[in-house]
Amino acid sequence: MPETPEAPPSSSASSRGRWTDEVLEPFRSMGEPVADAAIQAVFANNEVAAVNRILQSLHSNVHLVPSEMPDAVETYLNQTDDWPEWADAEKVRLGQQLFQRYGMQMTLAYFTWSLPCCYAWAKAAKVLTWTGGIDKHVHRRIIETAQFVLDVMAEGGLGPKGFGVRTAQKIRLLHATIRYHVGKDPTWQASEWGTPANQEDHIATLLTLALVPRVLTKLGLDFTREEEDAYFHCWKVIGHFLGIHPTLLPRDLDDAEQLWEAIQQRQVRPSEDGVALTKALVDYLKMRIPGTMMDGIVVTTMRELCSVAVAEAVGLEKTDWTRHLVAPMRLMFSLSDEAQDQADFAAKMSASLSRKLLEGLHSSETGGSRVTFRIPQSLQESWNLAGAEDKKAS
């Protein structure tokens, strides 16, 4: 592993607001007490098989019934499914409506901006490659992330016993399991890399989802401040369900953008892990796009959305002829935005790439095993994907 380069010059302190290194650094050694306690109790009671069933239920996207769960996990689920007092139900509804309307374009951004940003954080990328099997790991992470986003952003996903709440709770347990196992590995350098799946990495990942509307303006979409605020608030509520420390949840959108800038300055560094993860991601997305002529559009879109620092950190290859498609793509996104109608021809064209990726996930396999991927009915109808489930079953 090459020596980690020195940090790039810091921009003005005002761009980071209150998020100084002194504020953020302690969160690198912090896990999540509630989920950690549940997992520790399960292992102490030698209920490993039950943990495996819980994590498998995340892959297969099914609910667990109480009889299948250890007491500690059932208690955890009952303790962590309430909305926070500060949650605004109307903003959550507006945020989900925005996703219902622009979710195809947002999904494209998750694949081509959110994940590369995660891989650009050298310390966070370390835990993602720790267990080996990078290709299998990246494929499963793509599917799980996409499923999680669809579950929490679908109509009713964050309601009582909603699919989104349950998926967030299970991901929270998955992170606790990672901390339990990797944290016991004597070769894990906690003093240098932090606690595996720590709080800073969690809020950073959440921001790659919560700030997507801002990123999509690079492709011609335009959102009102009210829409961006509602979308961010929706993800702030989701962050609560994921067990992110209340102190780390930004107060508002401006605060979130300052936190994002601080984390980028702190964590974006070139690494072999980030390069390997991104290569696996690019290869996977190319595989999901029919044919080979448009393979270059994956890297082209990543380079258009990601910062130069992120692109360099993850070793993105150079763009090919598909870079000339960026302007038409931006025009199509803009037209679909003006049309305000996902049934419009331009909207369908602008979302065609993400549609192919979503449809490809239905036939996904990781490590030779089939992965179940479910698009909520309300989103299938909004995105004209109503036949996707039938395609998967055939």
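The values are calculated or read from the model by the stated rules, or taken from the named source; none is laboratory data. In this text the structure is predicted, and so the values were computed from the model without any measurement. Neighbour counts are summed over all protein chains in view; Cβ atoms, including those assigned to glycine, are modelled from backbone coordinates with ideal geometry.
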- prompt: Is it fair to say L259 is of a type outside the set (D, E), under 23 Å from I142 (Cβ atoms) and surrounded by 20 or more Cβ atoms within 10 Å (Cβ to Cβ)?
  reply: no
- request: Could you pull out the residue among T177, T195 that is assigned to a helix (DSSP H, G or I), at pLDDT 90 or above and buried (at least 19 other Cβ atoms within 10 Å of the Cβ)?
  value: T177
query: Taking A120 and the conditions (1) closer than 27 Å to D222 by Cα; (2) surrounded by fewer than 23 Cβ atoms within 10 Å (Cβ to Cβ), which numbered condition does it fall short on, given that it satisfies the others?
result: (2)
- line: Only one of V65, V92 is modelled with pLDDT under 70 and under 27 Å from E155 (Cβ atoms), namely V65
Breaking point among (1) surrounded by fewer than 19 Cβ atoms within 10 Å (Cβ to Cβ); (2) in contact (Cβ under 8 Å) with a residue 60 or more places away in the chain; (3) within 27 Å of Q79 (Cα to Cα); (4) not aliphatic (A, V, I, L, M), for D252: (2)
- request: Considering each residue of the range 290-312, count those that are modelled with pLDDT under 85, surrounded by 15 or more Cβ atoms within 10 Å (Cβ to Cβ) and aliphatic (A, V, I, L, M), and give that number.
  value: 3
- prompt: Could we say that T247 is crowded, with 21+ Cβ neighbours inside 10 Å, hydroxyl-bearing (S, T, Y) and part of a helix (DSSP H, G or I) here?
  reply: no
- request: Just one of (1) without any contact (Cβ under 8 Å) to a residue 12 or more places away in the chain; (2) within 30 Å of C306 (Cα to Cα) trips up S114, so point out which.
  value: (1)
